[in-house]
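Novice: I have a structure here, written as structure tokens, and I will follow up with some questions on it.
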Amino acid sequence: MFTGIVEELGEVEALAARGDSALLTVRSSVVAADVRHGASISVNGVCLTVVAARAAESAESAEFAQLLDFDVMAETLRRSVVGTLHPGARVNLERAVRVDGRLDGHVVQGHVDGTGVIVSRTPGDGWDSVRFSLPSNLARYVAEKGSIAVDGISLTVTAVGPDWFEVGLIPETLRATTLGQKASGDPVNLETDVLARYAERLLIPSPTPPQSSQSSQAAPGLS
């Protein structure tokens, strides 16, 4: 589980196709500092498992000192925009939240629901208002003043329509995440609030179990 608070901007070293899957390699320093084999890392909002970690042979700066490898399955490539990553692309990185840590964002699973694109950006006084497209099957889970994860970033919805939503990006978000660099038309991963999905599930009436033929018969001696 994650919080949607990005710890570091990593850099894609390689994305190597392996049939219907891929091997993603990312340069990191902060997140890689205490990484271990099998650790869960959010990469642009996608929960991926570290399968190897090693020192970078020739890092351009001390900022990127480690290489982390992740297996990316066909389902992940289908549901997210991981397959569009290329060497040099920046990615949002976050380690799994500690049980004794603060939940500064919201509950983020790293299970991408779908993708959208940046429709427009409106610069403000030190901040940006950004509109994203929203798949129709996800619209019912997005509410004004609710939470949504965009490329793994916990954001508050400021406005919502039938096929779009808007957020406001403060200077820190513009500086510390990939959304500071993205432009109109760029794709993003979307994860809606898991609490909204569970609430919907609980409101669906459970099917009435059919009565057995034995229970529907009159008790002996009472007919």
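Where a number appears in this text, it was derived from the coordinates with a stated rule and is not lab data. The structure displayed is predicted, hence computed values, not measured ones. Note: ideal-geometry Cβ built from the backbone for every residue, glycine included; neighbour counts use all protein chains shown.
Novice: So between residue 84 and residue 17, what do we pick up on full extension, going 0.36 nm a residue minus the alpha carbon distance? Kindly include the intermediate steps, with their values, before the conclusion.
Specialist: Values: separation 67, 0.36 × 67 = 24.12 nm, distance 1.15 nm.
Result: 23.0 nm gained on full extension.
Novice: Next up: Nearest 10 degrees, 0 to 90: what angle lies between the long axis of helix 194-203 and the longest principal axis of the chain (Cα atoms)?
Specialist: Roughly 10 degrees between the two axes.
Novice: In what order do 206, 120 fall by count of nearby beta-carbon atoms within 10 Å, going from fewest to most?
Specialist: Working: 206 6, 120 11.
In increasing order of surrounding Cβ atoms, one gets 206, 120.
Novice: Something else: Going by a ≥ b ≥ c, the root eigenvalues of the Cα gyration tensor, does the stretch 64-145 fall in the rounded group (a/c under 1.5), the prolate group (a/b larger than b/c) or the oblate group?
Specialist: On the way: a/c = 1.34, a/b = 1.24, b/c = 1.08.
Rounded is the answer for the stretch 64-145, as its axis ratio a/c remains below 1.5.
Novice: Lys/Arg Cβ at +1, Asp/Glu Cβ at -1, dipole of the stretch 111-161 taken about the Cα centre: which of 158, 139, 116 is farthest positive-ward?
Specialist: 139
Novice: Can you give the longest stretch of the chain with no exposed loop site, where a site means trypsin sites (Lys or Arg not before Pro) in a DSSP loop (not H, G, I, E or B) with at most 16 other C-beta atoms within 10 Å? Don't jump to the answer; show the numbers that get you there.
Specialist: Numbers: sites that count: 36, 98, 102, 145.
Here the longest segment lacking exposed loop sites spans 146-223.
Novice: Another question, if that's okay. Residues in the stretch 119-162 near a label at residue 107, defined as backbone nitrogen under 20 Å from the 7 Å Cα→Cβ point?
Specialist: 138-157
Novice: Further, regarding this structure: Which residues does the label zone of residue 121 cover in the stretch 163-181, counting backbone N under 11 Å from a point 7 Å along Cα→Cβ?
Specialist: 174-175, 178-181
Novice: Using DSSP to call loops (not H, G, I, E or B), can you name the GluC sites (Glu not before Pro) in the stretch 132-208 whose Cβ has at most 14 other Cβ atoms within 10 angstrom? Walk me through the numbers on the way to the answer.
Specialist: On the way: sites: 144, 166, 172, 191, 200; in loops: 144.
Listed in order of number, the matching sites are 144.
Novice: A further question on this structure: What list do you get for 198, 141 if you sort them by fewest beta carbons within 10 Å?
Specialist: On the way: 198 10, 141 20.
In increasing order of surrounding Cβ atoms, one gets 198, 141.
Novice: Can you compute the equivalent ellipsoid semi-axes for the stretch 1-121, i.e. the square root of 5 times each eigenvalue of the Cα gyration tensor, sorted largest first and rounded to whole Å? Walk me through the intermediate numbers first.
Specialist: On the way: eigenvalues 81, 75, 43 Å².
Computed over the stretch 1-121, the values are 20, 19, 15 Å.
Novice: A follow-up question, please. Between (i) 1.20; (ii) 1.27; (iii) 0.97, which entry matches Cα Rg over 2.2 N^0.38 Å as derived from the coordinates of this structure?
Specialist: Structure-derived value, by its label: (ii).
Novice: Taking the Cβ-Cβ separation of residue 40 and residue 211 as r and a Förster radius of 41 Å, what is the calculated FRET efficiency to the nearest 0.05? Each step should come with its number before you reach the end.
Specialist: Values: r = 46 Å, r/R0 = 1.12.
Efficiency computed from Cβ-Cβ geometry: 0.35.
Novice: May I ask you to derive the relative contact order of the chain, considering only C-alpha pairs under 8 Å and at least 6 residues apart, and to give it as an integer percent? Can you show the working numbers first?
Specialist: Numbers: 499 pairs, mean separation 50.1, N = 223.
Across the chain, relative contact order equals 22 percent.
Novice: According to a simple spin-label model (label point 7 Å from Cα along Cα-to-Cβ), what is the distance in nm between residue 129 and residue 75?
Specialist: Label at residue 75, label at residue 129, 3.9 nm between them.
Novice: To continue, here is another question. What 222 nm value per residue comes from the helices of the chain, counting each DSSP H run with n ≥ 4 as -39,500 (n - 2.57) and dividing by all residues, nearest 500 deg cm²/dmol?
Specialist: Details: 3 runs with 22 residues, N = 223.
Value at 222 nm, helices only, nearest 500: -2500 deg cm²/dmol.
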